[in-house]
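J.: Handing you this structure, nothing more for now.
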Amino acid sequence: MEKIIVWFRNDLRLHDNEMLYKALQKSSQLIPLYCFDPRQFEMTELGFPKTGSFRAKFLIESVTDLKYNLQKIGSNLLIRIGRPEQVIPELQKLTGAKAVYASKEVTSEEINIENKLEEQLFKVGCKLNLYWQSSLYHLDDLPFPIKMLPDVYTEFRKEVEKVVKIRKQFPTPERMTFIDLEIELGKLPTLCELGLEEAVQDERSVLIFKGGESSGKKRLKEYFWEKDLLKVYKETRNGLIGADYSSKFSAWLALGCLSPRYIYDEVKKYEQERVKNDSTYWLIFELIWRDYFRFVAKKYGNRIFQYGGIRNQNLPLKEDKRLFEKWKEGKTGLTFIDANMRELKNTGFMSNRGRQNVASYLVKDLKVNWQWGASWFESQLIDYDVCSNWGNWNYVAGIGNDPRENRYFNISSQAQKYDPKGEYVKLWLEENPNLVLL
Ligand SMILES: Cc1cc2nc3c(=O)[nH]c(=O)nc-3n(C[C@H](O)[C@H](O)[C@H](O)COP(=O)(O)OP(=O)(O)OC[C@H]3O[C@@H](n4cnc5c(N)ncnc54)[C@H](O)[C@@H]3O)c2cc1C
């Protein structure tokens, strides 16, 4: 039976994992692998790491959990630190694997790796099989070619909701075998080995985010079933403080620890067993936004990263380091902005309401290059997702998919509306010495 390298990327789970399922159907001789790519941890030109400590910590925990879950069913996970397009051909040579199975990504850095890898593998007769699996709606089921994707979300949503059926989840493997290849399993890197500082847990954090499929499922169980919060999601989702105002699924979704189809099925179950209302629908509505940005990235390629955005517009923005630093450090003097930016810096998370406001403020008020803001989010956010982040920044900067011209967030009225008693601002702007090392 042929050996297959199962290369985990942003699909760090056993449940609803098509590439793992398909590999298992083909062979029992699987070699599961995760690769920490050093390029992801390099310094950006702006002087901070591309992946900051909070996100890196969540990633390490997620890979640890995957390894543990694989061990529980009889398998294991090889860990490597290196460029996948080099590491995988070397592993292929050592093992004689006949195929590599992995998830398909949409953006350029990831696609470049796929292309280089495919070329290397082709030379030795090894096939790269890629599976699209990060969205709720499958790319192949869209009722239009990607180039015809509507530029307005509502049009997209209505069309897919009308005609596309969400696919069934793939079964979770119950048993796998581990082939002893007599090669090193490899060790998980520490933050220090990745060149990063320790991640310090702030007690004001909305949640203690722990990476991995197990914790992701636990959070869903808590939010849906134990605390019964899904039924009020639509009313609470614009909150700013604590674990309960929104699902906080984003970080687990970003690394694929949770599958969106798993969440969807749980929502349907909740609607049957508890209640079906606007809130239960709204969580799916938001998951469709997530899909949408993925498809937008597929349609527009590198334009989502470029200064002019997907509309290719020339905004009059500056590269003012001083203003950017003030924004980034939460020292603009505008309390609602500063509170949000400090939350991001100290915890790796910020509410959706906060993100919209700080992004708008950077671009529309400070008139600083939006790409800098998006890069800071990329570094800091635990839930950083390339498509959601750059797509939302395009949107807020007014060069993306917002059908409304010149949308503007008036920061003081936003603060009045969403933090009327100033509790959020107080939480983040009063010095808090109670920091504990994780
Ligand atoms: C400037 C900016 C940058 C952002 N960057 C990211 C990012 O890097 N990663 C990320 O996951 N989200 C990003 N978002 C979207 C959104 O803010 C987060 O998904 C949300 O705050 C996460 O919290 P939650 O899981 O509790 O969301 P909930 O309100 O519980 O929503 C459920 C899920 O729906 C999806 N979702 C909700 N809103 C959006 C949205 N506007 N766009 C895409 N998906 C959405 C997320 O997967 C989320 O987990 C960004 C928004 C803005 C305005």
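J.: Let me spell it out: the conditions are (1) within 16 Å of the ligand (Cβ to nearest atom); (2) within 24 Å of Asn401 (Cβ to Cβ); (3) surrounded by 14 or more Cβ atoms within 10 Å (Cβ to Cβ), and Asp278 meets all of them except one. Which number is the exception?
T.: For Asp278, the failing item is (3).
J.: Next question, about the same structure. Please go through (1) assigned to a helix (DSSP H, G or I); (2) farther than 22 Å from Ser413 by Cα for Arg342 and return the number of the only condition it doesn't satisfy.
T.: Arg342 satisfies every listed condition except (2).
J.: Now a separate question. Take region 85-142 and flag every residue that is among the aliphatic types (A, V, I, L, M) and either modelled with pLDDT under 95 or assigned to a helix (DSSP H, G or I) (or both).
T.: Hits for region 85-142 are Val87, Ile88, Leu91, Leu94, Ile111, Ile113, Leu117, Leu121, Leu139.
J.: Taking region 1-10, which residues are surrounded by 24 or more Cβ atoms within 10 Å (Cβ to Cβ) and either more than 24 Å from Thr107 (Cα to Cα) or within 19 Å of the chain's Cα centre (by Cα) (or both)?
T.: Ile4, Trp7, Phe8
J.: I would also like to ask the following. Wholly within region 226-274, which helices (runs of 4 or more DSSP H) include no fewer than the required count, namely at least 3 residues that are under 17 Å from the mean Cα position of the chain (by Cα) and closer than 24 Å to Gly348 by Cβ?
T.: 250-254, 260-273
J.: Select, from Ile310, Ile382, the only residue that is closer than 26 Å to Ser205 by Cα and modelled with pLDDT of 95 or more.
T.: Exactly one residue qualifies, and that residue is Ile382.
J.: In region 176-203, which residues are farther than 23 Å from Gly256 by Cβ, assigned to a loop (DSSP other than H, G, I, E, B) and touching a Ser or Thr at 6+ places or on another chain (Cβ under 7 Å)?
T.: Thr177, Leu181, Glu197, Glu198
J.: Also: So Glu325 fits all but one of (1) free of Cβ contacts under 8 Å to residues at least 40 places away in the same chain; (2) surrounded by 20 or more Cβ atoms within 10 Å (Cβ to Cβ); what number is the exception?
T.: Checking Glu325 against (1) free of Cβ contacts under 8 Å to residues at least 40 places away in the same chain; (2) surrounded by 20 or more Cβ atoms within 10 Å (Cβ to Cβ), the one that fails is (2).
J.: How many of the residues in region 358-392 are within 8 Å of the ligand (Cβ to nearest atom) and touching a strand residue (DSSP E or B) at 6+ places or on another chain (Cβ under 7 Å)?
T.: 0
J.: Being over 25 Å from Ser360 (Cα atoms) and out of contact with any helix residue (DSSP H, G or I) (no Cβ under 7 Å at 6 or more places or on another chain) narrows it down to one of Glu226, Glu266, Glu286, so name that one.
T.: Glu226
The values are calculated or read from the model by the stated rules, or taken from the named source; none is laboratory data. Here the structure is a predicted model, which is why all the values come from computation and not from measurement. For neighbour counting, all protein chains shown are included, and Cβ atoms are generated from backbone atoms with ideal geometry for every residue, glycine included.
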